[in-house]
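Chemist: Mind having a look at this structure? Questions to follow.
The values are calculated or read from the model by the stated rules, or taken from the named source; none is laboratory data. If you're wondering where the values come from, they're calculated on a predicted model, not measured in any experiment. No Cβ is skipped: glycine too gets one built from the backbone with ideal geometry, and neighbour counts run over all protein chains shown. Accessible surface is based on the protein model in full, side chains and every heavy atom, while ligands, DNA and RNA are left aside. Shrake-Rupley method; radii C 1.70, N 1.55, O 1.52, S 1.80 Å.
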Amino acid sequence: FFFLMIRRPPRSTQSRSSAASDVYKRQGLFSGASTPMSQFFSPSKNIPQQNKKLGEFETAFKILSNVSDTSSLACNKLDGTIYVARKIKKSDFDPKKSSIWKFLLDTEHKNIAKYRQIIADGEHYYVMRNHYAGTLKDLESPLDEATLMKLMKDIASALLEMQINGLNHLNLKPENVMISPSGKFCLTDPRFETLNSIGCQADDRYLAPELKSADDKSIDYNLVDVFALGKLLKRYSDEAQLAPKFNDLLNRMCHEQPSKRPSLIEFLKAFGTGQKKIELQIARYENKKLEEQLKSQRQRKRSCPKDSNCLLYTSDAADDLLCVDLGGRRIIKKK
């Protein structure tokens with residue numbers, strides 16, 4: 001009788017005694033006697049069984065709440081870390097070919113949110129980044145002058161870092177400006193999708209007018225981000241308290257015609273100097289432009305002019321009579 005009572009399984013497997021656990025280990029009900037018992041009863045690792053089959057994302061993460069139509073707060077079921085997961089259609093985004101995704105993984109810029117991984121699930125990708133407790137949207141407008149200037153320098157520096165790497169944000173709005181625990185403003189959620197889906201997520205209040213009408217090839221996307229930044233700063237500033245020079249620059253940034261807007265370099269040279277980080281960025285940007293100009297000049301020199309009377313140099317003998325021998329090389333006049 002005593003032996004049978006020990007062998008009988010308890011009614012609740014959630015609160016087994018240590019003695020009962022020893023019995024079950026001897027019976028081999030758990031795979032491998034060397035596996036720690038805590039692994040099977042740890043709340044963080046014990047994923048509850050559900051009737052429906054979970055996808056790759058929901059297997060690893062638990063959705064806590066929706067941040068927007070396309071983003072959610074998600075908790076890692078293994079270690080409890082909270083991330084923001086952005087859902088993107090696979091038809092709109094290819095991470096293997098995306099230069100912006102590679103940039104976000106590699107960048108160490110303090111004003112760009114840190115991205116961690118991508119999870120493929122069905123017809124979508126889930127782009128995972130660090131979670132920050134606050135956003136610019138949580139702050140009351142207008143900001144005091146010191147906070148406004150910090151916002152301006154932090155976000156302009158982040159946008160310039162993207163431009164140095166040949167990228168643009170194209171999705172700037174208050175909810176995409178995070179506030180880190182140390183008080184830095186961090187740029188997040190750039191446009192990953194193809195250009196034809198840009199209007200789906202962008203806020204019309206910060207969307208440059210040329211995006212609604214102009215041909216993609218004629219748009220200067222650097223100035224699109226300048227327009228959005230100008231609108232953002234105007235929203236969180238009190239024009240009556242701004243210095244006339246700064247107010248004038250903001251109005252130019254928000255100009256309907258892109259050619260009338262200042263570049264980020266002009267903007268930062270006027271108000272961002274004094275910080276080594278920004279001054280080094282400006283130098284890097286200008287060096288890159290010089291390199292691009294030199295490269296373009298070399299390519300033009302290497303290419304043959306399109307004039308029909310251009311001369312082609314060759315070391316091969318030519319049977320054509322329209323040629324002149326110059327020291328073993330022949331110059332053949334193109335017909």
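Chemist: Kindly sort Asp121, Asp225 by accessible area of their heavy atoms, largest first, with the probe set to 1.4 Å.
Modeler: Details: Asp121 35, Asp225 5 Å².
Ranked list, largest accessible area first: Asp121, Asp225.
Chemist: In the range 151-172, whose amide N lies under 20 Å from the spot 7 Å out along Cα-to-Cβ of Asn287? List them in ranges.
Modeler: Counting backbone N atoms under 20 Å from the label point, the list is 157-167.
Chemist: What does the accessible area per residue of the range 84-146 come to in Å², with a 1.4 Å probe and no ligands, DNA or RNA counted? Mind dumping the intermediate values first?
Modeler: On the way: 3610 Å² over 63 residues.
With all protein chains present, the range 84-146 gives 57 Å² per residue.
Chemist: Across the range 116-121, in residue order, what do the Karplus-derived ³J(HN,Hα) couplings come to in whole Hz, using 6.51 cos²θ - 1.76 cosθ + 1.60 with θ = phi - 60° and x for Gly and Pro?
Modeler: Result, ordered by residue: 10, 7, 10, 10, 8, 8 Hz.
Chemist: Per q in 0.15 1/Å, what log10 I(q)/I(0) does a Debye calculation on the alpha-carbon atoms of the range 120-198 return?
Modeler: The calculated log intensity ratios at q = 0.15 Å⁻¹ are -0.62.
Chemist: Continuing with this model, one more query. Can you flag which of Lys269/Lys301; Lys217/Lys245; Lys97/Lys277; Lys62/Lys137; Lys212/Lys295 are past 28 Å Cα-Cα? Walk me through the intermediate numbers first.
Modeler: Working: Lys269/Lys301 34 Å; Lys217/Lys245 33 Å; Lys97/Lys277 30 Å; Lys62/Lys137 25 Å; Lys212/Lys295 33 Å.
From the list (Lys269/Lys301; Lys217/Lys245; Lys97/Lys277; Lys62/Lys137; Lys212/Lys295), the Cα-Cα distance tops 28 Å for Lys269/Lys301; Lys217/Lys245; Lys97/Lys277; Lys212/Lys295.
Chemist: Here is a further query. Ignoring ligands, DNA and RNA, what percent of the 1.4 Å accessible area of the range 89-220 is carbon and sulfur? Intermediate values should be presented prior to the final figure.
Modeler: Working: 3000 of 6350 Å².
Here carbon and sulfur together make up 47 percent of the probe-accessible area.
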